[in-house]
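Student: Here you go, one structure.
The values are calculated or read from the model by the stated rules, or taken from the named source; none is laboratory data. Computed from a predicted structure; not experimentally measured. Positions of Cβ are generated from backbone atoms using ideal geometry, with glycine treated the same way; all protein chains shown enter the neighbour counts. Note: areas computed on protein heavy atoms with side chains; ligands, DNA, RNA excluded. Shrake-Rupley method; radii C 1.70, N 1.55, O 1.52, S 1.80 Å.
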Amino acid sequence: MAQCPVDTCEICVQAPGSQYCKQCRQYFCYSCKTAHLRLKIARNHVFGKSFEIDPEEELNLLKCSHVDKHVFMCLDCDFALCKGCLVKNHNGHNVDDVNKMFSSLHHQASTTMKGILSDFRRKSDSMKSLTTSYEKESEALERAILNQGAKIKSSVDKMVSGTIANVRKSRENVRKHYPNCFQDAVSSKFKTWLHQLGEIEQKEATEKSIHEIQKLHNDMKAMEFPNIPDVPTVKYCAQPVDEKIIMGLLGRIKYLSYSNPNPKYKELILLPCASGYGFKFIGGKDDEDIYVSDVLPNGSAAKAGLKQLDKIIAVDGKQVNGLSIQEAAEMFKDAKGNNGVSIIIEPFHVADDSSNGSAAETGLQNLDKTIVENGKQVESSSRHEVQESFENVEDNDVVSIRTEPFEQ
């Protein structure tokens, strides 16, 4: 609909638009005006000269001022109308019943609001599930750390007790052995002298007894104490307490977040249908990731944007890494409901390959399946094992592989 004067006719878009239809609010040339008035629906339309028409004023004239009698809504002009103004100024326009239009818009708004509320509840439930899952994982982590700490403490206590026992045993041996061996050597000599001196004392003073006591005295003066045995010394070389070593024994903690996912991750909502969710997946278990192997056309997964080779990260906030295909399938069954299931995926992107690389030169293409590497079947090997075997190839070495070309 025209809002301002134009240079050309809006119908044939060739001749000058010198005529203005007040009902249609369009500019016509003289020929198109004549053809327009021949139409039964436009027979009563009123025309004026285009240079005499003020579009804003004409627009105000088309508005219906009978507010209490509004029963129609002009879709072309976006005005509420009574029956009289409809016939007078809006004849031939697209109109709708006010009540019917209001009910329809109200229904649409209600449906939209329910969808937003459903999405909010789904995300809220996902957040609760994530929080509950984190709490359980955190509690299990706490128990594991305490158990590991108890094992480390038990080992340290055992080593400390053993070392202390050895120190005490050595100290007891020194205490018992070294003083006694010296005392025994000296005391036996003293006992002999004491016995001889007592016998001489009982005799009379004669030349013989004098010679005996002189000899005993000379023996005493000539006596030499035995050498004191070497007593061992002990030292303790304490090592500085290195917290890094202790943390190495205790282990590391990894914090993973799915409530604030990696930017390369994407959330999809899959609604259940008669055929399930419309896709298949492969992989899983033993640290193998789970990938989408097939997506049914026009299925729920395809409509949500899931594609072949996308990697599944989580289902309703629960991680799938390390699960088997059966366990992952059970997660989808448990989550099945009218509100659908939320999945976190990492969309598949084909990496850019160098056109000058040896793989490209031999004809290897993206997504080709490796069957044999250097005569060894790789079907039973994990993705990490195969990748590691290629990474360990030395420079200038040649690798023989047999592949199965990828087919869409």
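Student: Among the listed residues I145, I116, I152, identify the single one that is hydrophobic (A, V, I, L, M, F, W, C), touching a residue at least 60 places away in the same chain (Cβ under 8 Å) and under 30 Å from A314 (Cβ atoms).
Tutor: Exactly one residue qualifies, and that residue is I145.
Student: What are the residues in the range 55-105 that are surrounded by fewer than 17 Cβ atoms within 10 Å (Cβ to Cβ) and modelled with pLDDT of 80 or more, if any?
Tutor: Result: N94, D96, D97, V98, N99, K100, M101, F102, S103, S104, L105.
Student: Hey, another quick one. Looking at (1) at pLDDT 90 or above; (2) open to solvent by less than 30 Å² (accessible area, probe 1.4 Å), can you tell me which one V341 breaks?
Tutor: In the conditions (1) at pLDDT 90 or above; (2) open to solvent by less than 30 Å² (accessible area, probe 1.4 Å), V341 misses (1) alone.
Student: Moving to a separate point now. Residues in the range 206-251 that are part of a loop (DSSP other than H, G, I, E, B), open to solvent by 100 Å² or more (accessible area, probe 1.4 Å) and without any contact (Cβ under 8 Å) to a residue 24 or more places away in the chain: how many?
Tutor: 10
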